[in-house]
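Notes follow once the structure below has been shown.
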Amino acid sequence: MKIFQDYKSYYDYMQPYRSAANLIQTKLEVIDDELKCFHGYSPIHQIQSRIKSLESIEEKMNRKHYPVTIESLKYLHDIAGLRVICHYINDIQYISQLLIMHEDIHLLKKVNYIDYPKESGYQSLHLVVEVRVYCQKGLLKIPVEIQLRTIAMDCWASLEHDILYKNKEPVSKDIQDELKECAKRIALTDLQMQKIYQKVYQKKHTF
Ligand code: 0O2
């Protein structure tokens, strides 16, 4: 272990990050619940939360050429991460707008890989927000990365994650092209599903 002496030191250091992720998760659950109550529609399918593993922290510091030290943790904005899986494409912008309206959340970065997919075909909306956490050390401002995507985008990203994104072995251009083709089909399916939903529920849900 280069950054922490043992696993307990890592786990303890991550406590404010866990609190920050919990705070954002609760806000998202409240937004979803309110929409369900007053519009009869729950846009969030699932929320996943994770604290970056020590191995993944060290790998990212090496990849970004930061010294592998405790001081470099401040350069990583995705130590606390949430993945918000929505039903339809329109839900994504809507949920993100409702979240960043909160006065105690400060938007640091927004990357729209939905309108501008990555070269790999990856689609998601990424937000980095800063949230205040009150703990024994005092007031801390903790960054949280939130990835918002549809069920279909999540299916592609979860499978491609191991096939290509995290694969250390070389992957042929043909396979990369096939993955891009799947991403395009998934994007079209998302649009079609959105249209089908609107045709069926147009009069009921107005947001
Ligand atoms: P893991 O294992 O998923 O946690 P930044 O974080 O902004 O300083 P970076 O790493 O260039 O720099 O940010 P990017 O590419 O905007 O977002 C990084 C995260 O998005 C990744 O986290 C993945 O979760 C996801 N991601 C980005 N590109 C792809 C892709 O092509 N395929 C898949 N499946 N996921 C992608 P990690 O920490 O790299 O990995």
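The values are calculated or read from the model by the stated rules, or taken from the named source; none is laboratory data. This is a predicted model, so every value here is computed, not measured. Every residue, glycine among them, receives a Cβ derived from its backbone with ideal geometry; neighbour counts consider all protein chains shown.
Taken together, ASP177, ASP162 contain a single residue that is within 15 Å of the ligand (Cβ to nearest atom) and within 21 Å of the chain's Cα centre (by Cα), which is ASP162. Taken over region 71-95, the residue count meeting the criterion of being more than 16 Å from the ligand (Cβ to nearest atom) and over 15 Å from TYR13 (Cβ atoms) is 9.
Criterion first (away from the ligand (no atom under 12 Å from the Cβ) and over 17 Å from ALA20 (Cβ atoms)) does ASP104 satisfy it? No. Counting only residues that are among the polar types (S, T, N, Q) and either within 16 Å of the ligand (Cβ to nearest atom) or loosely packed, with under 12 Cβ neighbours inside 10 Å (or both), how many does region 32-42 have? So the count comes out to 0. The one condition from (1) within 16 Å of the ligand (Cβ to nearest atom); (2) closer than 16 Å to ASP91 by Cα; (3) part of a helix (DSSP H, G or I) that GLN198 does not meet is (1). When region 111-125 is limited to residues that are surrounded by fewer than 19 Cβ atoms within 10 Å (Cβ to Cβ) and either more than 22 Å from GLN97 (Cα to Cα) or not hydroxyl-bearing (Ser, Thr, Tyr) (or both), the one that is farthest from the ligand (Cβ to nearest atom) turns out to be ASP115. For region 116-142, residues that are free of Cβ contacts under 8 Å to residues at least 60 places away in the same chain and farther than 30 Å from LEU179 by Cβ total 7. One residue stands out in region 60-79 among those that are charged (D, E, K, R) and under 19 Å from the mean Cα position of the chain (by Cα): the one that is surrounded by the fewest Cβ atoms within 10 Å (Cβ to Cβ), namely LYS74. Taking the criterion of being outside any loop (DSSP other than H, G, I, E, B), at pLDDT below 95 and of a type outside the set (Phe, Trp, Tyr), would at least one residue in region 148-164 satisfy it? Taking every residue of region 148-164 in turn, none turns out to be outside any loop (DSSP other than H, G, I, E, B), at pLDDT below 95 and of a type outside the set (Phe, Trp, Tyr).
Each residue in region 59-101 was checked for being over 27 Å from GLN194 (Cα atoms), in a loop (DSSP other than H, G, I, E, B), touching a residue at least 24 places away in the same chain (Cβ under 8 Å) and not β-branched (Val, Ile, Thr), and 3 pass. Got a number for residues in region 1-42 being among the basic types (Lys, Arg) and under 25 Å from the mean Cα position of the chain (by Cα)? Number satisfying all stated conditions: 3. Just so you know, in region 43-56 the residues that are out of contact with any helix residue (DSSP H, G or I) (no Cβ under 7 Å at 6 or more places or on another chain) and not in a strand (DSSP E or B) include one that is surrounded by the most Cβ atoms within 10 Å (Cβ to Cβ), and it is LYS52.
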